[in-house]
Amino acid sequence: MTAAHNTATTRLVAKLLVVVVAMFGFGYLMVPLYNVFCELTGLNGRAGRMSVETAQTLQRDDSRQVKVEFVTSVNAGFPWQFKPLQASVTVHPGEETQVLFEVSNQSDAAVTGQAVPSVSPIEVTRFFSKTECFCFTQQTLASRETKQMPVRFVVNPKLPATVDTITLGYTFFRSNVQEVAPGGVTPNS
């Protein structure tokens with residue numbers, strides 16, 4: 001082999017190594033970048049979070065009302081019943097509102113679940129924020145336990161005037177948390 005050939009091979013290997021490192025870095029950063037992008041644009045269908053203090057600074061728009069509907073479901077095979085205690089509320093943009101949801105564990109063991117929210121139409125996601133939600137943390141229900149859980153939200157007064165109805169949906173999924181059966185025994189142990 002000639003010196004020129006070795007130099008060309010070394011440069012090619014270096015370039016390929018840079019490409020591999022760049023691809024790994026891009027893949028590693030994809031999830032946080034996607035999350036930031038979705039939060040800024042509202043394209044993930046999930047409502048944002050807002051502090052109570054920030055919600056209290058919004059100016060209530062008494063000139064209009066928005067209907068907020070609630071839809072619930074549980075993942076197939078998940079032993080919970082889940083429902084809103086009211087099907088909808090009518091709110092003024094800028095006012096903080098609380099609604100209650102009820103969940104019941106229908107099984108003979110403690111079960112942990114995580115609610116995944118969605119807001120539609122999708123373009124209003126950035127105008128709908130929650131200050132409190134059971135979806136922020138995992139929920140564990142004892143055998144046959146029923147629990148009422150609040151959601152506090154606010155519709156931003158900057159919501160486009162063409163929108164008069166928003167649907168807030170939740171689906172509960174079984175959590176990956178190790179569940180403990182009565183007596184402190186973990187299943188399959």
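Just a few scattered comments:
- For I166, residues with placed amide H under 5 Å, excluding near neighbours: K67, V68, E69
- In this simple spin-label approximation, Q98 and T10 carry label points 7 Å from Cα along the Cα→Cβ vector, and these lie 7.1 nm apart.
- Pairwise inverse Cα distances across the stretch 48-174, averaged and inverted, put the Kirkwood hydrodynamic radius at 15.2 Å.
- 3J(HN,Hα) from dihedral phi, the stretch 96-106, Karplus parametrisation 6.51/-1.76/1.60, rounded to Hz, x for glycine, proline: 7, 10, 10, 10, 10, 10, 10, 10, 10, 7, 8
- Spin-label model, Q148/A161: points 7 Å from Cα along the beta carbon direction are separated by 3.9 nm.
- Computed from backbone phi, the HN-Hα couplings of the stretch 59-71 come to 7, 5, 9, 6, 7, 8, 10, 10, 8, 10, 9, 10, 10 Hz, rounded to whole numbers (Karplus: 6.51 cos²θ - 1.76 cosθ + 1.60, θ = phi - 60°; Gly and Pro given as x).
- Karplus-based coupling profile of the stretch 12-19, in residue order and whole Hz: 4, 4, 4, 5, 5, 5, 4, 4, with θ = phi - 60° in 6.51 cos²θ - 1.76 cosθ + 1.60 and x standing for Gly or Pro.
- Site pair R60 and A22 shows an inter-label distance of 5.6 nm when each label is modelled 7 Å from Cα along Cα→Cβ.
- Residues whose amide H falls under 5 Å from that of A110, counting only those 5 or more places apart or on a different chain, are S143, with hydrogens built in the peptide plane.
- The amide H of E132, built 1.01 Å from its N in the peptide plane, has R152 as neighbours under 5 Å, considering only residues 5 or more places off or on other chains.
A short reminder: the numbers here are calculations on the coordinates, not readings from a lab. This structure is a prediction, so every number in the text was calculated from the model and none was measured. Heads up, the Cβs are rebuilt from the backbone with ideal geometry, glycines too, and the neighbour counts pull from every protein chain shown.
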